[in-house]
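The values are calculated or read from the model by the stated rules, or taken from the named source; none is laboratory data. Because the structure is a prediction, the values reported are computed rather than measured. Glycine also receives a Cβ, built like all others from the backbone with ideal geometry; neighbour counts cover every protein chain displayed. These area figures cover heavy atoms from the full protein model, side chains too; ligands, DNA and RNA do not enter into them. Shrake-Rupley method; radii C 1.70, N 1.55, O 1.52, S 1.80 Å.
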Amino acid sequence: MKPEEAAAARDRVVDDVVADGLSVLFCGINPGLMSAATGHHFARPGNRFWPVLQRSGFTPRLLKPSEQRELLTYGLGITNVVARATARADELSAEELREGGRLLRAKAELLRPGWLAVVGVTAYRTAFGERKARIGPQESLIGETRIWVLPNPSGLNAHWTTESMAAEFGRLRTAAEASV
């Protein structure tokens, strides 16, 4: 991405893919510059979100970022903790994440998904003030919405392989199916 394209992307908003009563509302940390430039969540080629969704059984085939609205047909959606696009999530301030957490709570109360799945444990800890949170289901609720923290699918997250991420996403899928 050229510097002038990156600068323009920082000012764009990536629209939520949401509906009332979803089974799972996935929540990224914030859009990357490629996502902001294209208007599609998890658009960077090295991001593993779309392959992990398919491998975990959430989708029957590998979706492209440009097909993100198809998620709604599976009872799934996508939003972000923070709307501001950055090259890296670590460019966000703690205050931005906390404010994003407040806005995300309000969004979850309005949309009432069965599960809110936040991708990125460090961002979740800051946004929700849960310093000891770990990957997996959380004890906290937002209304009746349960929360599951997933590993960040960014290619920068070398601690998790695509396979181990798919297994964790699969645990969430099993829980979501059991609660229908």
>> Explain nothing, just the number: relative contact order of the chain, from Cα pairs under 8 Å at least 6 residues apart, as a whole percent.
In response: 27 percent
> Which far-off residues, 5 or more places away or on another chain, put their amide H under 5 Å from the one on residue 147, with H placed in the peptide plane?
Replying inline: 116, 138
> How large are Rg and Dmax for segment 93-172 when only the alpha carbon atoms are used, in Å?
Replying inline: 12.6, 35
>> Keeping every protein chain present and rolling a 1.4 Å probe, give me the accessible area per residue for the chain in Å².
In response: 50 Å²
> Which residue fluctuates the most in the chain, going by a Gaussian network model with Cα springs under 10 Å, if the choices are 100, 129, 75?
Replying inline: 129
>> Two decimals, Cα atoms only, Kirkwood Rh: what is Rg/Rh over the chain?
In response: 0.93
> Where does the chain land at 222 nm, in deg cm²/dmol rounded to the nearest 500, when only DSSP H runs of n ≥ 4 count, each adding -39500 (n - 2.57), divided by all residues?
Replying inline: -10500 deg cm²/dmol
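Taking Rh as the Kirkwood radius, which is the inverse of the mean 1/r over Cα pairs, what is the Rg/Rh value for segment 74-136? List each step's numbers first, then the result.
Values: Rg = 11.8 Å, Rh = 12.4 Å.
Result: Rg/Rh = 0.95.
How high is the FRET efficiency between residue 139 and residue 102 when r is their beta carbon distance and R₀ equals 22 Å, given to the nearest 0.05? Please list the in-between numbers first.
Values: r = 19 Å, r/R0 = 0.88.
Between residue 139 and residue 102 the formula returns 0.70.
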> Considering the chain as a Gaussian network with a 10 Å cut-off on Cα pairs, which listed residue, 61, 12, 134, attains the greatest mean-square fluctuation?
Replying inline: 61
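Please give the charge dipole size of segment 139-180, origin at the Cα centre, charges +1 on K and R Cβ atoms and -1 on D and E Cβ atoms. Round to the nearest 20 debye. List each step's numbers first, then the result.
Values: 3 positive and 5 negative charges, 9 e Å.
Computed about the Cα centre, the dipole is about 40 debye.
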> When the Karplus curve 6.51 cos²θ - 1.76 cosθ + 1.60 is applied with θ = phi - 60°, which whole-Hz ³J(HN,Hα) does each residue of segment 44-55 get, with x for Gly and Pro?
Replying inline: 5, x, x, 6, 9, 4, 5, x, 5, 4, 5, 5
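So if each residue of separation counts as 0.36 nm, and I subtract the Cα-Cα distance between residue 94 and residue 67, what length gain in nm does that give?
Details: separation 27, 0.36 × 27 = 9.72 nm, distance 3.17 nm.
Computed gain between residue 94 and residue 67 is 6.5 nm.
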> What percentage of the solvent-accessible surface of the chain, computed with a 1.4 Å probe over protein heavy atoms, is contributed by carbon and sulfur atoms?
Replying inline: 52 percent
